[in-house]
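What follows is a short report on a single structure.
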Amino acid sequence: MDTQWINFFDISFKCQALALAVVLLLLIDFVRSKKMPLRSSKVFLCFMSVCLFNLFSEVASIYTLYNYKTVPPLVNRLVHTMFYCSIEMIAMTLFLYAFYLIGSQKRFSKRQTLLCMVPFVIAAIGSSFTDIYYVVDERGAYSHGPSVTILYTSIAVYVIGTYVLMLKKNRDCCHTDVADVMKRARITVAVGLGIWIVVALIQLITKYLLISSIGNCLMVLYIYLFLENPKRYEDEETDTLNRQAFHIMVPEMLARKKTFWLVSFTVDDNERITKSMGYDLMKVILRTVANILQTVMPRSRFYHSRSNTLSVFISDREQLDALLKKAGSADFEIPYCGGSFRPQYHIAVLEFPKYGATPDEIYDTMDYLVSHHQKHDNGLVFWVDDETIRNKNYSKQVLAVLTKAVREKAFNVVYQPIWSSEARRFASAEALVRLQDCGELGFISPEIFIPMAEQQGMIDEIGNIVFEKVCSFAAENRLWEKGINYIEVNLSGMQSVDPGLPAQLSAVMQKYGIDPKFINLEITETASIDGGELLDANMKSLRSLGCHFSMDDFGTGYSNLAQMARVHFELVKLDKSLIWPAFGENPEEPMVILESCITMILQLGAHIVAEGVETEEQAEFLSQHGVSYLQGYFYSKPVPGEAFLEKITSVVK
């Protein structure tokens, strides 16, 4: 080798050695790390392998070029053709990687596969049958010619195609985690490809300085660190893959177009555990569960898909049965404070694509099962079936109707008259909310949409709408002049602890000229116990205005007598579940309980409203035992405003 070429050869060789070392280390780390079985990850592995092959072929091409006098021309041509084809393969595999990554792991159709191969085939044929010219002089060495021109033209096609993919919006990735990954993926691939292009342009300008290996190395390193690093998706708390990995994996499983089962292990008493024992114990529970389940499926990837849930994708029915047998019978004893703790849990099994063909359908079903699985008596393992999906879809439709109703304030208020056993007339009423338009769903019970409104954070706005309608109706018809002493308005648990509640209610009452004494606010027994200092502060502020309070549904919740002694209620409403058994087939013990509750409440200085009164016998008994107010179908169902006005002005019952 001539001495005047040594400097250029030395620089090129060092670039090659450094690039080879970096790419080889990244490839080894990627293969050995725990990662998701994504199509894009498999293509990225091919991409890294092609880059490594390109680096080896570039070393070989530099060697044959600088030793052209001793290397046979055919060998030199073959080595350079391999080198150019490997560059083409880099561009093609990067395009494929971007396609799977941005396209939610969707597969190539046959037509798309053929179109993708066209530039590569043209370049390969062109490189084989067109001329390559070699320049070797005192400044260095490089190659050029029609073959190289064809190569760069086809590479430009792949580069343009990759950037087009980066700009194309993916309408399938609605989930936040997936959308964030897609955004980062677009930026990372675009920047990585941009680095490669910049280095390639520098080499085109300098010609003699062969540094394309540096461009390859920097591109692979950048994409690996910012996008494909498997450690980004590891969940150290549970030694599984994290939630973001789960949401990325869902489209991949659906794209395979094969039956699979999503098995989710959910800790049901997570709120109690985290509040009383700390979140660290929840991590220990999930880690213990993952270790036990991985003994059945050591090669499978488990995902920390929710704060209290581990999930796994299974494509084999025998594996599924083995996992369920192990999980359903395992005794998950968690060490705690020198003893052991057994968490309450359930296992949900969802079959796809039978019960969901899109990621959103999977997420909706998982979210639905969190609050509805316990309503089914199927033991620890709950299989999603047609009925589950129907109920889920119904809930989704109800939510749509409810959301629209909140937006348009499309609620009706009905009134159930309350009979005064002392005055022998209707003296009050309870205001109840109804959806104005349920569409094709028919009547939707408040027992369905009120809990949903609380879960979705809509209950405060609904409460405000109802309260304003009640005040408007009372003022317009001057109900106090028609013998109505007060109207009962329900407060949800969330409303009752809202610091802005007193100011909001006061503003509405002032707007319609309603005396606060005319308003009685109903608070459920559970809310009165859980409300704490915020509820106490709100009750104090509203009482200072003149409002009264009643404890609703007494007998259905905690029945915390100490709370009743601490917080005074002007009214206590006996739930029908406390009254009806006393008039049933075996009334002895229920009657003792009912009479004791009535006596106790009266001794505490509160008036009593009996709910669910449906017979004359019940009405007579309750009146004789000091119950001041009676409410139920024996007197009236909840009725619209006009019917309520007719009811309270009709002949006394």
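The values are calculated or read from the model by the stated rules, or taken from the named source; none is laboratory data. Just so we're clear, the structure is a prediction, and the values are computed from it rather than from any experiment. Cβ atoms come from the backbone with ideal geometry, glycine included; neighbour counts cover every protein chain shown. What goes into the accessible areas is simple: the full protein's heavy atoms, side chains included, and nothing from ligands, DNA or RNA. Shrake-Rupley method; radii C 1.70, N 1.55, O 1.52, S 1.80 Å.
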* To do: Considering (1) part of a loop (DSSP other than H, G, I, E, B); (2) at pLDDT 85 or above; (3) not aromatic (Phe, Trp, Tyr), say which one residue 297 fails and leave the rest.
  => (2)
* Asked: Taking the stated definitions as given, is residue 645 touching a residue at least 12 places away in the same chain (Cβ under 8 Å) and farther than 30 Å from residue 470 by Cβ?
  -> no
* Would it be correct to say that residue 466 is in a helix (DSSP H, G or I), open to solvent by less than 60 Å² (accessible area, probe 1.4 Å) and under 26 Å from residue 633 (Cα atoms)? -> yes
* Can you tell me which residue among 483, 493, 457 is in contact with a helix residue (DSSP H, G or I) (Cβ under 9 Å, 6 or more places away or on another chain) and more than 27 Å from residue 400 (Cα to Cα)? => 483
* State all residues of the range 583-639 that are over 26 Å from residue 434 (Cα atoms) and aromatic (Phe, Trp, Tyr); if no residue qualifies, say none. => 583, 621
* Would you say residue 274 is in contact with a helix residue (DSSP H, G or I) (Cβ under 9 Å, 6 or more places away or on another chain), in a loop (DSSP other than H, G, I, E, B) and farther than 13 Å from residue 262 by Cα? -> no
* Write out, first by first residue and then by second, each pair whose Cβ atoms fall under 7 Å of each other, whose residues are 6+ apart or on separate chains, and whose first residue, in the range 142-168, is within 25 Å of residue 186 (Cβ to Cβ) and open to solvent by 50 Å² or more (accessible area, probe 1.4 Å) while the second is assigned to a helix (DSSP H, G or I) and modelled with pLDDT of 80 or more. => 157/119; 163/190
* Give the residues of the range 419-462 that are open to solvent by less than 20 Å² (accessible area, probe 1.4 Å) and in a helix (DSSP H, G or I), sorted by residue number. => 449, 453, 459, 462
* Of the residues in the range 577-625, how many are open to solvent by 60 Å² or more (accessible area, probe 1.4 Å), over 23 Å from residue 417 (Cα atoms), in a helix (DSSP H, G or I) and not polar (S, T, N, Q)? -> 5
* Quick one: in the range 23-40, which of the residues that are surrounded by fewer than 20 Cβ atoms within 10 Å (Cβ to Cβ) and assigned to a helix (DSSP H, G or I) is nearest to the chain's Cα centre (by Cα)? -> 30
* Tabulated pairs, the range 31-42, first touching a residue at least 60 places away in the same chain (Cβ under 8 Å) and over 18 Å from residue 255 (Cα atoms), second among the charged types (D, E, K, R) and surrounded by 13 or more Cβ atoms within 10 Å (Cβ to Cβ), C-beta under 7 angstrom, 6+ apart or interchain -> 34/234
* **Where residue 444 falls short, out of the listed (1) under 28 Å from the mean Cα position of the chain (by Cα); (2) over 30 Å from residue 647 (Cβ atoms)** => (2)
* Asked: If you go through the range 563-576, how many residues are under 24 Å from residue 537 (Cα atoms) and assigned to a loop (DSSP other than H, G, I, E, B)?
  -> 4
* Asked: Residue check, residue 30 against (1) at pLDDT 85 or above; (2) out of contact with any Asp or Glu (no Cβ under 9 Å at 6 or more places or on another chain); (3) closer than 30 Å to residue 242 by Cα, all met but one. Which one?
  -> (2)
* To do: Quick one: in the range 626-653, of everything that is of a type in the set (Phe, Trp, Tyr) and assigned to a loop (DSSP other than H, G, I, E, B), which residue is farthest from residue 415 (Cα to Cα)?
  => 634
* For the range 583-600, how many residues meet the condition of being touching a residue at least 24 places away in the same chain (Cβ under 8 Å) and among the hydrophobic types (A, V, I, L, M, F, W, C)? -> 4
* the range 341-357, subset in contact (Cβ under 8 Å) with a residue 12 or more places away in the chain and open to solvent by 60 Å² or more (accessible area, probe 1.4 Å), residue farthest from residue 253 (Cα to Cα) -> 344
* Asked: Within the range 55-65, is even one residue under 15 Å from residue 219 (Cβ atoms), in a helix (DSSP H, G or I) and open to solvent by less than 70 Å² (accessible area, probe 1.4 Å)?
  -> yes
* residue 38 among the hydrophobic types (A, V, I, L, M, F, W, C), within 29 Å of residue 179 (Cα to Cα) and touching an Asp or Glu at 6+ places or on another chain (Cβ under 6 Å) -> yes
* Has the range 513-524 got at least one residue that is modelled with pLDDT under 90 and either open to solvent by 80 Å² or more (accessible area, probe 1.4 Å) or touching a helix residue (DSSP H, G or I) at 6+ places or on another chain (Cβ under 9 Å) (or both)? -> yes
